[in-house]
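What follows draws every value from the coordinates through simple rules; no lab data is involved. Small disclaimer: the values here were computed from a predicted structure and weren't measured. Every residue, glycine as well, gets a Cβ built from its backbone with ideal geometry; the counts of neighbours run over all protein chains shown.
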Amino acid sequence: MKILITGGCGFIGSTVVRRALGEGFAVVNVDAITYAGDPDNIGDLQDSPRYAFEYADVCDAEAMAMIFQRHQPDAVLHLAAESHVDRSIDGPLGFVRTNVTGTATLLEAARAYLDKLPDSRRKTFRFHHVSTDEVYGALGEEGVFDEQSPYAPNSPYSASKAASDMMVRAWGKTYGLPVVITNTSNNYGPFQHPEKLIPTVIVNALEGRPIPLYGRGTQVRDWLYVEDHAGALLRVLTRGRVGETYCIGGEAERSNLELVKIVCAVLDQARPRSWPHADLIRFVSDRPGHDFRYAISNAKIAAELGFRPSVDLETGIARTVRWYLDHEAWWGAIRERGFKGQRLGLKRA
């Protein structure tokens, strides 16, 4: 099977590319190489005879049509997206462009391509759209999201992903495009951009700078190791039922404060100082519209496809910290390109 993966130079995307090649798939990686995408993320894979790269924007209809025609994929795994909530607060229209218009453009390219395929290939073609649990809004202290939860996005980012989910559903219902959707909890692991919470904690702690924590750190998230997510995505792509949505959770809820303290404790062991790294925690003004809690059920994907996360949070954090310690040149290069760990998402109406 040949999979067209969009956003394959990003955090989750590069992990999926690596996993797909490891499982014997052929991969066409389509990426516009924005600030969050880096060819070095898949640098060790580029010589594979089963790998091809296309530098293109999913909003470019002509480019997407040409890529489908040139590579003749058997499936699409759509990961390309703007994904940082704080950035969406500062620049919402960029999220609408990539996440909504880009998804619709890719759907149209896939539909036109599918119409020309022979029946035997049409029956096995899949368009898998990767989304987030944030489309469901916020939970209180009890309960979990599942595939039947109503959409109630609260940030420009989650609203743009909710809109893209609806586009995919509409193309499936209206045009018969064989689609599947996954909504996942917070990912973490190697190659995550330093703007995200866990890399921010690691990098700031290593440099002895304050570790910012929104509000009082009481917001709760469910954490999923990115390698587990990659495996789940390929399982849904190849075995999921057409027209269905699958939630993918990490079964690892922690408050932000608890999570940061876990990271700091690992750093205390790996890079000991004369004082605990948790002393660097500083509470800062909260993000506008910050959702209190996300948690998501794995019941459906476990029952139908046999997926459960294999990496517990403490093991995953230890692996992640070790990766950042061993790859200072990687995140240092991002800092040199202009990202200094500055606070984003402070704009208010």
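Values for this structure:
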{"quantity": "Fewest-first sequence of Tyr55, Tyr136, Tyr113 by Cβ atoms within 10 Å of each Cβ", "calculated": "Tyr55, Tyr113, Tyr136"}
{"quantity": "Built amide H within the under 5 Å cut-off of Arg287, gap 5+", "calculated": "Gly215"}
{"quantity": "Gyration tensor (alpha-carbon) shape descriptor, region 271-330, a/c threshold 1.5", "calculated": "oblate"}
{"quantity": "Order of Phe125, Phe95 under a 10 Å beta carbon neighbour criterion, fewest first", "calculated": "Phe125, Phe95"}
{"quantity": "Pairs of lysine residues in the chain - Cα separation under 22 Å, sequence separation of 8 or more or cross-chain", "calculated": "12"}
{"quantity": "Rounded D (µm²/s) - region 1-73, Kirkwood Rh over Cα pairs, Stokes-Einstein at 20 °C, 1.002 mPa s", "calculated": "178"}
{"quantity": "Mean Cβ neighbour count within 10 Å, used as a protection proxy, ranking 283-289, 293-299 highest first", "calculated": "293-299, 283-289"}
{"quantity": "Rounded, prolate or oblate (a/c below 1.5 giving rounded, otherwise prolate when a/b exceeds b/c) for region 35-123 by Cα gyration tensor", "calculated": "oblate"}
{"quantity": "Rg(Cα)/(2.2 N^0.38 Å) for the chain, N = residue count", "calculated": "0.97"}
{"quantity": "DSSP bridge orientation in the chain - percent antiparallel, rounded to nearest 5", "calculated": "10"}
{"quantity": "Relative contact order of the chain, pairs being alpha-carbon contacts under 8 Å that are 6 or more residues apart, as %", "calculated": "18"}
{"quantity": "Overall form of region 185-279 per C-alpha gyration tensor (a/c, 1.5; a/b vs b/c)", "calculated": "prolate"}
{"quantity": "C-alpha center-to-center spacing [region 264-321, region 31-78] in angstrom", "calculated": "30"}
{"quantity": "Region 2-97, relative contact order [Cα under 8 Å, separation at least 6], %", "calculated": "34"}
{"quantity": "Placed amide H near Val27: partners under 5 Å, 5+ positions off or other chain", "calculated": "Ile3, Tyr51, Ala52"}
{"quantity": "Scaled radius of gyration (Cα, divided by 2.2 N^0.38 Å) that region 90-190 gives", "calculated": "1.21"}
